[in-house]
Amino acid sequence: MPSVLVVEDCRDIAKILASHLSGAGYRVAIARDGAEALKSVSRWVPDCILLDLMMPVMTGIELMHVLREDPATARIPVVLVSARIGEGRTHVFTEGEANYCVGKPFTRRQVLDAIGAVLPVP
């Protein structure tokens, strides 16, 4: 079963994302900010990271750069989720950036399609 680390500072949004993913058959863990996500990844390397852009302690972009610099985590697919993307829009990034992006507000289908674009469907 593929695993996804949801990195989201808003508890309600994290729960919604986790529910969407676990309901689709993914194993899910939640981190509340970038620093907590780094601790999680040091103990357990997920198959994919669903990452909010705007968070306290360490932003999603800062976390993504740290992950990309470490050979142990550089290849983990990253799906950004952010209100800064634009309502309902998705975007595929270039190499070295996020693998996919989903705007807030999002639908269950948009989240699952984004994860499905970077991971096999369970």
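FYI, it's all coordinate maths here, none of it is from the lab. Being a predicted model, the structure only gives us computed values, none of them experimental.
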Pop out the ³J(HN,Hα) list for the range 59-64 in order, Karplus 6.51 cos²θ - 1.76 cosθ + 1.60 with θ = phi - 60°, rounded to Hz; leave Gly and Pro as x. 5, x, 5, 4, 4, 4
Across the range 29-44, in residue order, what do the Karplus-derived ³J(HN,Hα) couplings come to in whole Hz, using 6.51 cos²θ - 1.76 cosθ + 1.60 with θ = phi - 60° and x for Gly and Pro? 10, 10, 10, 8, 7, x, 5, 5, 5, 4, 4, 4, 5, 5, 9, 8
Can you give the % of DSSP beta bridges in the chain that are antiparallel, to the nearest 5? 10 percent
Pairwise centroid distance, computed over Cα atoms, of the range 56-84 with the range 7-49, Å: 13 Å
Could you give me the ³J(HN,Hα) list for the range 5-21, computed from phi with Karplus coefficients 6.51, -1.76, 1.60 and θ = phi - 60°, whole Hz, x at Gly and Pro? 9, 8, 10, 8, 7, 8, 4, 5, 5, 4, 5, 5, 4, 4, 5, 4, 6
Contact order relative to length for the chain, counting C-alpha pairs under 8 Å separated by 6 or more residues, stands in percent at 23 percent
